[in-house]
Amino acid sequence: MEGFVMNSDAVRLGVLGAQHGHVPGKLRWLRDLDAIDLAGVYEPNESVRAANEQQPNATGVPYVEDIQKILEDASVQGVVIGGAERQNPSYARRALQAGKHVLMEKACGWTHAHVDELTELAEQGGLLFQMGFNNRLMPHFLRVFDMVAAGEFGEVFRVRAHMCGAYNPSSDTYVGGGAYFKGGIFYNLGCHALDLTMAVLGVPDHVHPFLRTERFRESGYVDNATVVLEYPSAIATIEVSHLETEQRRPRSFEVYGSDAQAIVSPWGTVGDRSAAVAIHTGGVEAGEAGWHVHGSGLHVPFLDDIKEFVGCIRGEQEPRFNYDHDRAVHHTLMNICGESDFDEECA
């Protein structure tokens, strides 16, 4: 099969579900990287499979008809969870119960209990459980996180994140029909910005969500949100909307400290602009000369978390983000959005 690399030394992975919007980008690397032996993709929805076959990144992957082909295959070490959002907790639970390491697409369910159960299963089984927040491992964000860890910002007193989606008149409906999760666009996209913000500041003392509906009034889908996170010595603000005319160039992430500050913009490659972070060091005395822009070059999405997942399975590295961080992010997301009253879908 063209682009499908078999390698006896490769890490053998499977995929449960192929409906999540991130999945086509991930299938490209699962299919093409020499370090991976793709055992198969389980996606029972034939229309989803057909649609993926029309995308160059997702075409040519081996689908399996029976989920047990992946779960009962002792050679499969890890599973990427990429189904529809209401399916993913069930997929992740079954993979962990089968003794597989898990890389799960965001978000980690729609209740507090989801993240507690899944991370507990992973910890009890000595398994990896990594969340597919596809921005957290980008070079420009890692530069910021490394500066935070080294204390180079001094006392961080403010973080500001702007995350957005372009207006879509069908955004208030779930892929299978019906209402979306509480929190709307904040649940969907704000979790990315929340993950990054908490990587800098940790768990907030209080959350102050302002969740508004401007255009989706019939359904009440939250399409315009600002959330304030309160810390002992800092404030973070996260702005998210699903009303913008273009969603990628406006995304920004800013960290302000007593000794340094950083502005990530844009988050990823957009047209003639590559992802970059502008960092100011030297304190007030440095003035404008203290700014230096660090580009990341042409960045390909979804490769970083796949590479880390494989590296961690091989024991070559430790996860950058641990169970505690991912639990805290999801609990904070639920505190902001509220839990949704939906049943899991089991495929």
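The values are calculated or read from the model by the stated rules, or taken from the named source; none is laboratory data. What you see is a predicted model; the values in this text were computed from it and never measured. Positions of Cβ are backbone-derived with ideal geometry, glycine not excepted, and every protein chain shown enters the neighbour counts.
I need a count of the residues in the stretch 11-25 that are modelled with pLDDT of 95 or more and either surrounded by fewer than 17 Cβ atoms within 10 Å (Cβ to Cβ) or charged (D, E, K, R) (or both). Steps first, please.
Within the stretch 11-25, the subset modelled with pLDDT of 95 or more is 11-18.
Within this subset, residues satisfying the condition of being either surrounded by fewer than 17 Cβ atoms within 10 Å (Cβ to Cβ) or charged (D, E, K, R) (or both) are 12.
Number satisfying all stated conditions: 1.
Scan the stretch 334-347 residue by residue and report those that are closer than 23 Å to residue 94 by Cβ and assigned to a helix (DSSP H, G or I).
Passing the criteria: only 334.
Quickly run through the stretch 320-333 and pick out the residues that are under 17 Å from residue 192 (Cβ atoms) and in a loop (DSSP other than H, G, I, E, B).
320, 321, listed by residue number.
For residues in the stretch 203-222 being of a type in the set (Val, Ile, Thr), outside any strand (DSSP E or B) and out of contact with any Asp or Glu (no Cβ under 7 Å at 6 or more places or on another chain), which is farthest from residue 135 (Cα to Cα)? Explain how you work it out, then say what you get.
Start the filter on the stretch 203-222 by keeping residues that are of a type in the set (Val, Ile, Thr), which leaves 203, 207, 213, 222.
Next, only the ones that are outside any strand (DSSP E or B) stay: 203, 213, 222.
Now drop any that are not out of contact with any Asp or Glu (no Cβ under 7 Å at 6 or more places or on another chain), which leaves 203, 222.
Values: 203: 19, 222: 23 Å.
That would be 222.
Can you find a residue in the stretch 46-67 that is more than 21 Å from the chain's Cα centre (by Cα), on the phi > 0 side of the Ramachandran plot and in contact (Cβ under 8 Å) with a residue 12 or more places away in the chain?
yes
Out of all the residues in the stretch 149-184, which are of a type in the set (D, E, K, R) and under 23 Å from residue 320 (Cβ atoms)? Please lay out each step first, then the result.
Of all residues in the stretch 149-184, those of a type in the set (D, E, K, R) come to 152, 155, 158, 160, 172, 182.
Scanning the stretch 149-184 gives 152, 160.
One line per residue, one yes/no per condition, for (1) over 23 Å from the mean Cα position of the chain (by Cα); (2) aromatic (Phe, Trp, Tyr); (3) closer than 24 Å to residue 270 by Cα:
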| position | (1), (2), (3) |
| --- | --- |
| 190 | no, no, yes |
| 195 | no, no, yes |
| 204 | no, no, no |
| 208 | no, no, no |
| 216 | yes, yes, no |
| 221 | no, yes, no |
| 233 | yes, no, no |
| 243 | no, no, yes |
| 256 | yes, yes, no |
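Looking at the structure I just gave you, is residue 225 crowded, with 23+ Cβ neighbours inside 10 Å, part of a strand (DSSP E or B) and either in the same structural domain as residue 254 (by TED's automatic domain parsing) or in contact (Cβ under 8 Å) with a residue 24 or more places away in the chain (or both)?
Details: crowded, with 23+ Cβ neighbours inside 10 Å: yes; part of a strand (DSSP E or B): yes; either in the same structural domain as residue 254 (by TED's automatic domain parsing) or in contact (Cβ under 8 Å) with a residue 24 or more places away in the chain (or both): yes.
Taking the combined requirement at face value, the residue satisfies it.
Looking only at the stretch 109-141, filter to residues that are without any contact (Cβ under 8 Å) to a residue 24 or more places away in the chain and in a helix (DSSP H, G or I); which one of those is surrounded by the most Cβ atoms within 10 Å (Cβ to Cβ)?
Start the filter on the stretch 109-141 by keeping residues that are without any contact (Cβ under 8 Å) to a residue 24 or more places away in the chain, which leaves 113, 120, 124, 126.
Right, trim to in a helix (DSSP H, G or I) and you get 113, 120, 124.
Working: 113: 12, 120: 14, 124: 9.
Only one residue tops the list, namely 120.
Just for the stretch 274-327: of the residues that are on the phi > 0 side of the Ramachandran plot and more than 20 Å from the chain's Cα centre (by Cα), which one is surrounded by the fewest Cβ atoms within 10 Å (Cβ to Cβ)?
From the stretch 274-327, those on the phi > 0 side of the Ramachandran plot are 282-283, 287, 297, 302, 315; that's our starting set.
The next check asks that each one be more than 20 Å from the chain's Cα centre (by Cα); those that pass are 282-283, 287, 297, 315.
On the way: 282: 13, 283: 12, 287: 10, 297: 10, 315: 7.
In this case the residue turns out to be 315.
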